[in-house]
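Accompanying notes for the structure given below.
The values are calculated or read from the model by the stated rules, or taken from the named source; none is laboratory data. Treat the numbers as computed from the prediction; the structure is a model and nothing was measured. Virtual Cβ from ideal backbone geometry, glycine too; neighbours counted across all protein chains shown.
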Amino acid sequence: MIVSLTSVRRRPGLLAGAVVVLVAACPAQAQEVPLPELPPLQQTIYLADAKSKADIDMDVRTRRRPDFDPIGFRLGTWRLYPSIAIDAGYESNLFGDKHSPDSAAFAALRPSVALDADPSWGALVLAANGRFARFVNKAPANEDSFTVNAYGRYDITGDIRLEAGANFGQQIERRDSSGFPDGRVEPVRYLQSQVFVRATRQAGDLRVTGAIDYTGFDFRDTKALTSGGSVISIVDQDLRDQHVLRGNLRADYSVAPDLAVFAQGIVQSVDFRIAEIAPGVPNLGGKTYTALTGVSFSGNSLVRGSVGVGYVWRRFGSAGAKDISGLAINADMALFVTPLLTLSAKASRSVEEAVLRNASGYVSTAASVRADYELKRWLVVRAGAGYRYDNFRLNPRKDKVFDANVGATYNVDRHIAFEGSAAFVSRTIDNDPFAASYKDVTVSIGLRYSF
């Protein structure tokens, strides 16, 4: 059956675990992300009913570990969870340059704090985090990013739930993003602000969720560099500033104890702040309509997630621009092979924006897999890989991005944890001589202290 909304109150450590899930799942994290990066459409966090608790405990990625979870500080009805991490590492290609890559060691500081309350009517969470990286003798590669989040849930009745939240922060765009400016440039910084409201109603075997969110992207200008690191010019990024308004309606109907079918409709409107990318060349804002149907698995001790297939149609607001339409996919699954091993996979096919002369957007097809294994209660390892293919329309350019990563977390106690990771990215660009193909390797090891 569909997981109930009714919560079991005051279970020790449960809300703390939900804070970890919230901070990890929030759409704007202090790290590099591709654009546009909107939050997952289905991101309801079930804090505490027995079924969802069993699911969380089966998932190695989000499992509560009472011996190692921080306990924080009690502040009246609130509890505060501060932490700080220090990383040291090495990156092989700082500026995504195919012919003359620059490499450097770096150090990064990653502070974070979360504050939660567990009132009788729902939940409140405030969180903030940041990442401040400095590269040895490569100051133009330095990165500063941060995010502030707020989330609230109000249980109107046992079957009706209202959620709302907001976030704001400075992000660093990934260099393999299809919107990243061509050439050798400093990191692209942008401000992202967002608000959302979501309501869920459950009536027997039927659950209906409606949501609306508004996201603004404000890009900071960046600098074009020579191979020696000198500044050539300022790269104006105002053309990419955009506002995105999105509405989502989804209905799940249970057809078996652990299986439901669903139908989902999404409407998204994109408005660029600057109307033209060049004289007579419009900046192609417009609307995207997506319809999906599929199956979802919830409350199952072996598998959880959903697989949706449907149709997407991108309609542009400028005369003469050619609409884009075709197959839409949105799949996100987790398989609990054993209590110690979680396998997960994601797949998507969507239409995205392109601020590129002679392009009316692109179709992005992506897939990724990941494995999380709890070798010991105090040692969790992970490995993952992904592939993304961006096919531009009205422009012959095609982007192919492959990435792979491994990592581990070693918990000494509830305060101290060692973290290590290694990542590889390969970007191949076809039919665009100004956009570089490149490869990059990043390795790091760090220490986190939580209170």
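Got at least one residue in region 284-303 being part of a strand (DSSP E or B), closer than 30 Å to ARG220 by Cβ and not polar (S, T, N, Q)?
yes
Quick one: is SER360 under 24 Å from GLY310 (Cα atoms) and either basic (Lys, Arg) or out of contact with any Pro (no Cβ under 7 Å at 6 or more places or on another chain) (or both)? Walk me through how you get there before you give the answer.
Numbers: under 24 Å from GLY310 (Cα atoms): yes; either basic (Lys, Arg) or out of contact with any Pro (no Cβ under 7 Å at 6 or more places or on another chain) (or both): yes.
Here the answer is yes, as SER360 does meet what is asked.
Just to be sure before I move on: is GLY361 out of contact with any His (no Cβ under 7 Å at 6 or more places or on another chain) and closer than 27 Å to VAL208 by Cβ in the structure I sent?
Details: out of contact with any His (no Cβ under 7 Å at 6 or more places or on another chain): yes; closer than 27 Å to VAL208 by Cβ: no.
When the stated conditions are applied, GLY361 does not pass them.
Return the total of residues in region 194-221 being closer than 30 Å to PRO140 by Cα and of a type in the set (A, V, I, L, M, F, W, C). Reasoning before the result, please.
So in region 194-221, the residues closer than 30 Å to PRO140 by Cα come out as 194, 215-221.
This time we only want the ones that are of a type in the set (A, V, I, L, M, F, W, C), so: 217, 219.
Adding up the residues that qualify gives 2.
Regarding region 137-145, can at least one residue be identified that is modelled with pLDDT of 95 or more and under 30 Å from LEU75 (Cβ atoms)?
Checking region 137-145: at least one residue is modelled with pLDDT of 95 or more and under 30 Å from LEU75 (Cβ atoms).
Could you check region 391-412 and list, in sequence order, the residues that are over 24 Å from the mean Cα position of the chain (by Cα) and modelled with pLDDT under 95?
Of everything in region 391-412, those that are over 24 Å from the mean Cα position of the chain (by Cα) and modelled with pLDDT under 95 turn out to be ARG393, LEU394, ASN395, PRO396, ARG397.
Could you list all residues from region 333-347 that are surrounded by 18 or more Cβ atoms within 10 Å (Cβ to Cβ) and either at pLDDT below 95 or touching a Gly at 6+ places or on another chain (Cβ under 7 Å) (or both)?
Once the filter is applied, which keeps residues that are surrounded by 18 or more Cβ atoms within 10 Å (Cβ to Cβ) and either at pLDDT below 95 or touching a Gly at 6+ places or on another chain (Cβ under 7 Å) (or both), region 333-347 yields ALA334, PHE336.
Could you look through region 256-283, keep only residues that are of a type outside the set (A, V, I, L, M, F, W, C) and part of a loop (DSSP other than H, G, I, E, B), and pick out the one that is modelled with the highest pLDDT? Full working, then the answer.
Step one: list which residues in region 256-283 are of a type outside the set (A, V, I, L, M, F, W, C), which gives 257-258, 264-265, 268-269, 271, 273, 276, 279-280, 282-283.
Going one step further and asking which of them are part of a loop (DSSP other than H, G, I, E, B), we end up with 257-258, 273, 279-280, 283.
Details: PRO257: 83, ASP258: 85, ARG273: 90, PRO279: 81, GLY280: 78, ASN283: 80.
Applying the filter and picking the extreme gives ARG273.
Suppose we filter GLY158, GLY122, GLY165 for residues that are modelled with pLDDT under 95 and under 30 Å from ARG240 (Cα atoms); which single one remains? Explain how you work it out, then say what you get.
Details: GLY158 fails: under 30 Å from ARG240 (Cα atoms); GLY122 fails: under 30 Å from ARG240 (Cα atoms).
Of GLY158, GLY122, GLY165, the one residue that is modelled with pLDDT under 95 and under 30 Å from ARG240 (Cα atoms) is GLY165.
Regarding THR342, is this residue under 17 Å from the mean Cα position of the chain (by Cα) and either within 30 Å of ALA417 (Cα to Cα) or assigned to a strand (DSSP E or B) (or both)?
Values: under 17 Å from the mean Cα position of the chain (by Cα): no; either within 30 Å of ALA417 (Cα to Cα) or assigned to a strand (DSSP E or B) (or both): yes.
For THR342, the condition - under 17 Å from the mean Cα position of the chain (by Cα) and either within 30 Å of ALA417 (Cα to Cα) or assigned to a strand (DSSP E or B) (or both) - is not met.
Of everything in region 271-284, what is buried (at least 16 other Cβ atoms within 10 Å of the Cβ) and in contact (Cβ under 8 Å) with a residue 60 or more places away in the chain? Give them in sequence order.
PHE272, ILE277, ASN283, LEU284, listed by residue number.
Restricting to region 97-129, what's the tally of residues that are part of a strand (DSSP E or B) and either among the small types (Gly, Ala, Ser) or crowded, with 16+ Cβ neighbours inside 10 Å (or both)? Steps first, answer last, please.
Quick first cut of region 97-129, residues part of a strand (DSSP E or B) only: 104-117, 122-129.
From the residues that got through so far, the ones that are either among the small types (Gly, Ala, Ser) or crowded, with 16+ Cβ neighbours inside 10 Å (or both) too are 104-108, 110-117, 122-129.
Qualifying residue count, region 97-129: 21.
Among the numbered criteria (1) part of a strand (DSSP E or B); (2) surrounded by 16 or more Cβ atoms within 10 Å (Cβ to Cβ), which one does ARG74 miss?
(2)
Check whether at least one residue in region 422-435 is of a type outside the set (Gly, Ala, Ser), crowded, with 19+ Cβ neighbours inside 10 Å and not in a strand (DSSP E or B), and report yes or no.
no
Among the residues of region 130-184, which ones are of a type outside the set (S, T, N, Q), surrounded by 18 or more Cβ atoms within 10 Å (Cβ to Cβ) and part of a loop (DSSP other than H, G, I, E, B)?
ARG174, ARG175, ASP176, GLY179, PHE180, PRO181, ARG184, listed by residue number.
Scan region 348-367 for residues that are buried (at least 17 other Cβ atoms within 10 Å of the Cβ), without any contact (Cβ under 8 Å) to a residue 60 or more places away in the chain and either within 18 Å of the chain's Cα centre (by Cα) or farther than 29 Å from ARG315 by Cα (or both) and jot them down.
ARG349, ALA366 - these are the residues of region 348-367 that are buried (at least 17 other Cβ atoms within 10 Å of the Cβ), without any contact (Cβ under 8 Å) to a residue 60 or more places away in the chain and either within 18 Å of the chain's Cα centre (by Cα) or farther than 29 Å from ARG315 by Cα (or both).
Here's a check for you: in region 215-254, which residue that is surrounded by 19 or more Cβ atoms within 10 Å (Cβ to Cβ) and more than 29 Å from GLY265 (Cα to Cα) is farthest from the chain's Cα centre (by Cα)?
The selected residue is LEU225.
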